[in-house]
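The values are calculated or read from the model by the stated rules, or taken from the named source; none is laboratory data. From a predicted model like this one, the values you see are computed outputs, not experimental measurements. When we count neighbours, we look across all protein chains shown, and the Cβ atoms used for this are built from the backbone with ideal geometry, even at glycine.
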Amino acid sequence: MTVIITIDGIAASGKSSVASRVARALNIPYISSGYLYRAVTHLVYVLQIDPSNQKAILEALETHPLTLIPHPEENEVWQGEHNYTSALHTSEVDRMVSEIAQHPQVRDWVNVQLKKLPAPFVAEGRDMGTAVFPQAKHKFYLTARSKVRAQRRAKERPEDIASIQAALELRDQEDQVQSKPAEDALLIDTSDLTLEQVVERILKGVHT
Ligand code: DC
């Protein structure tokens, strides 16, 4: 099977959990493109690079290469000997990642890394079904109301729901350009669905 399944969607719409479950059900890896953007952001933070300086970021990626390791249940990102994985979902990274992800050459760098990975896989992000894998056979796009997304994310962050919701809405705006659904994607609003129901819908779409 050399199938590529793309699951795109807005921040905290449940993409990672859904993609990981779908991948496990199909016994194939899942790829989190957000992890790579987050890892670049963490590198910028560690090296204290000016986040607006695209050239310096690209030079840092040459001297400090990042490697994404996809597994069916999770992804890891390594920088040389350093496992970056547990540092990727902090509020500092959340705040800076959109700015980093807007640099066109950073996007090109991420996309080159993603395109090197051998199919089959489930790819999750913002532009997997549009810019990176337009040839994918099965495309899905997840949305959810911002309140619901904030409630979900509150389980993983120390901040209160109102400030998480405000940060998510800000990031929705910042991410707007690269977050358009592919024309041939199936849209799923996950607000009133359980994780299992979303996974079921996607697996049904893949098998029809
Ligand atoms: O999916 P996520 O919240 O982990 O993504 C983190 C950030 O990376 C998000 O704010 C936008 C950016 N991103 C992107 O621009 N394109 C992708 N394919 C994946 C993520």
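For the structure I just gave you, tell me whether K204 is basic (K, R), under 23 Å from A23 (Cβ atoms) and more than 17 Å from the chain's Cα centre (by Cα).
yes
Here is a yes/no grid of residues against (1) assigned to a helix (DSSP H, G or I); (2) surrounded by 13 or more Cβ atoms within 10 Å (Cβ to Cβ):
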{"position": "L58", "(1), (2)": "yes, yes"}
{"position": "E62", "(1), (2)": "yes, no"}
{"position": "R95", "(1), (2)": "yes, yes"}
{"position": "E99", "(1), (2)": "yes, yes"}
{"position": "D108", "(1), (2)": "yes, no"}
{"position": "N111", "(1), (2)": "yes, yes"}
{"position": "L117", "(1), (2)": "no, yes"}
{"position": "T130", "(1), (2)": "yes, yes"}
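If I go through the range 72-112 residue by residue, how many of them are at pLDDT below 95, within 19 Å of E124 (Cβ to Cβ) and away from the ligand (no atom under 12 Å from the Cβ)?
Total meeting the criteria: 3.
From (1) farther than 14 Å from G34 by Cα; (2) more than 15 Å from the ligand (Cβ to nearest atom), pick out the condition that doesn't hold for I69.
That leaves (1) as the condition not met.
Looking at the structure I just gave you, is E76 over 26 Å from L170 (Cα atoms) and surrounded by fewer than 18 Cβ atoms within 10 Å (Cβ to Cβ)?
In short, yes.
Restricting the range 146-178 to residues that are surrounded by 14 or more Cβ atoms within 10 Å (Cβ to Cβ), assigned to a loop (DSSP other than H, G, I, E, B) and more than 13 Å from the ligand (Cβ to nearest atom), which is farthest from the chain's Cα centre (by Cα)?
E159
Quick one: in the range 9-56, which of the residues that are in contact (Cβ under 8 Å) with a residue 60 or more places away in the chain and more than 22 Å from E156 (Cβ to Cβ) is surrounded by the fewest Cβ atoms within 10 Å (Cβ to Cβ)?
My answer is A25.
Can you tell me which residues in the range 155-208 are touching a Leu at 6+ places or on another chain (Cβ under 9 Å) and β-branched (V, I, T)?
Once the filter is applied, which keeps residues that are touching a Leu at 6+ places or on another chain (Cβ under 9 Å) and β-branched (V, I, T), the range 155-208 yields I188, T190, V198, I202, V206.
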